[in-house]
Amino acid sequence: MSLLRLEQVSVAYGAIRALHGVDLEVREGEIVSLLGANGAGKSTILRAVSRMLPLQGGDILLGGRSVRATPAHELVALGVAHVPEGRGIFPSLTVQENLALATWTRRERRHVEEATRRVFRLFPRLAERRTQAGGTLSGGEQQMLAVGRALMTGCRLLLLDEPSMGLSPLLVREVFRAFQEINAEGTTLLLVEQNAHMALKIAHRGCVLENGRIVLEGPAAELAGHPRVREAYLGEAGASSPPCPGTPGSSR
Amino acid sequence: METVVQQLLNAAQLGAVYALIALGYSMVYGVIRLINFAHGDIFMVGGFAGLLLALRFTWMPLWALMPLAMLLTALLGVAIERVAYRRLRQAQRMSLVITALGVGIFLENLVRLGVGPETRQIPSRMPTTPVAWLQDALGVSVTWDKLLIIFVSLALMALLWAVVHRTLLGTAMRAVADDKDVVPLMGVNLNRVIAVTFAIGSALAAAGGVFFGQAYSLDPYMGIDLGWKAFIAAVIGGIGSIEGAVLGSFLLAGVEVLTVAYLSSNLKNGIAFGLLILLLLIWPSGLLGRPASKKV
Ligand SMILES: Nc1ncnc2c1ncn2[C@@H]1O[C@H](COP(=O)(O)OP(=O)(O)O)[C@@H](O)[C@H]1O
Ligand SMILES: [Mg+2]
């Protein structure tokens, strides 16, 4: 069943068009990876889905219902959580306060306790740092906090914008393992990445975005083997050698 | 020695009023990075709301009158944000500042037209009898009204601190101060948090106005002078910081009162503004302010 569906979505920043009629579908329970170069419009898609940006054209359906006119804060109550690019944690709030704020729409004691337990199980380091200010965490811990915070909303659909950015290969593996676990527990993931190796490894399906248009899509394994993807996003000149999904992506 | 204690007591009363105003400057700056130059006039309107209520309902005790004045002024603060500031939130800073100045002038003239330009005083609803045991202990004159003003103000500040640091609403207010663009992603209605911030800041200013109107006097332009003082206090303490606003207020009132008592009342403002400049040279972001954010 389709959980999220973008139909001919167009978005512009002032006079600059960033998305040109994007169609995209994410089914319940899937991990979908969205690949693309810098400036392709990946973050714009996520911002459009979480209603941080107005649509210029097209529509966005959540569980079959249009959310075109829904304000961003109401989307959280509908089960969409967005981990923005650059993490967006609140630096002066403690880890605990960052997590607590995300329960704004779900304050029942049972939900808060269960969600907190789940986040601390996925990211034990956050439990150790619960009284520390968010701004004093390391980059990897901040990313964990951003993901943990999104889970506190009780989301069905988790939007992740370049979660591997700035992390060491070891940490990337750690958070991606958490993503697989989160997915196995029933949450649908739309993952934006430049790290195509990892993103395609854990995804069911993938799409490639170029200049605000979807140019390729398909099952993740198929995409990983596609010459265009191998050349442009897996860094394999000539694309003749077989893909080696075991190696971590080029980290910056 | 007695006179110093007496002066410090006066300073505590004045500082309490400054703090009630300064908190609004600081809170509003915290959430939308606006120096709300109409805030001094909101304080003035709060005082006049207390006056009109006191004249109209002569039977009403202070504990009912003050919350009512606070409520009315809170609604005014919310209305100002909704009508004048909200649509300018993405505009240039200067447009917002000029709008705030305009709102202030509007309020001054509205009150002058409605109530008249005369200096008024709220008929006291507080016992002005001396506090015998405290007088004996300190050896200076202490009256109940002064003590009430100081302690009720401190209680309001403590209540505010608890809201900001111990509730989810307060967490949301601090989150808005950190990064307001991310706040909606937490499911929080940003506009509502900002409106509540204006409501709380305006209500506190109204409490200050009601106290000031009883302890001193009211006139439609009093918000200018007192607004500036409270603004200075907020900046000295570190704008955006609640503790800073309170600290700066008592510090400024202390300096002022002692200057008047021991030097000259003509020097009062000169010293207050001089202190601001001096302190900001040493602590550019105020005594308890956060240094200019080093965002990654
Ligand atoms: N706030 C903005 N204002 C103007 N243009 C923007 C803004 N954000 C992104 N863009 C433009 O929109 C396009 C897509 O950007 P973005 O979605 O951030 O790409 P990606 O996330 O794939 O790197 C780029 O050309 C970028 O320059
Ligand atoms: Mg991006």
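Values quoted throughout were computed directly from the atomic coordinates according to the rules given, and no laboratory measurement underlies them. Source: prediction; values computed, not measured. Cβ coordinates were reconstructed from backbone atoms using ideal geometry, including for glycine residues, and neighbour counts include every protein chain displayed.
Numbers for the structure displayed
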item	result
P(r) of the protein assembly as shown over all Cα-Cα pairs, binned every 20 Å from zero, in whole percent	20, 42, 26, 11, 1
Peptide A:43-55 - average C-beta neighbours from other chains (10 Å radius)	1
Tensor-based shape of chain A (alpha-carbon gyration tensor, a/c under 1.5 rounded, otherwise prolate or oblate)	oblate
Nonlocal amide H pairs with A:Gln194, under 5 Å, H built at 1.01 Å	none
Shielding of A:78-84 by partner chains, average beta-carbon count, 10 Å	2
Ellipticity estimate at 222 nm from DSSP helix runs (n ≥ 4, -39,500 (n - 2.57)) divided over chain B, nearest 500	-24500 deg cm²/dmol
Average beta-carbon neighbours from other chains, 10 Å sphere, peptide A:152-163	1
Debye intensity ratio in log₁₀ form over the Cα atoms of chain B, taken at each q of 0.09, 0.11, 0.17 Å⁻¹	-0.43, -0.64, -1.48
Prolate/oblate/rounded label for the stretch B:181-296 (Cα gyration tensor, a/c 1.5)	oblate
Stretch in chain A that is longest and holds no GluC sites (Glu not before Pro) that DSSP places in a loop and that have at most 12 other beta carbons within 10 Å	A:1-107
Pairwise centroid distance, computed over Cα atoms, of the stretch B:84-120 with the stretch B:186-231, Å	13
Mean Cα-pair separation over length for the stretch B:2-282, i.e. relative contact order, pairs under 8 Å, 6 or more apart, %	40
In the stretch A:102-190, trypsin sites (Lys or Arg not before Pro) in a DSSP loop with at most 11 other beta-carbon atoms within 10 Å	A:Arg107
Degrees separating the helix B:39-56 axis from the principal Cα axis of chain B, which is the longest one	50
Chain A, helix-only ellipticity at 222 nm - DSSP H runs n ≥ 4, -39,500 (n - 2.57), divided by all residues, nearest 500	-10000 deg cm²/dmol
Rounded to the nearest 20 debye, dipole of the stretch B:146-230 from Cβ charges on Lys, Arg, Asp, Glu	220
For the stretch A:11-132: relative contact order, % (alpha-carbon pairs under 8 angstrom, 6 or more apart)	18
The stretch B:1-159, dipole about Cα centre (Lys/Arg Cβ +1, Asp/Glu Cβ -1), debye to the nearest 20	740
Cα-centred dipole magnitude for the protein assembly as shown, charges only on beta-carbon of K, R (+1) and D, E (-1), debye, nearest 20	400
Within-14-Å neighbourhood charge of A:Thr105 [Cβ basis; K, R +1; D, E -1]	+3
For the stretch B:59-103, the spread of Cα positions along each principal axis, largest first, Å	48, 16, 11
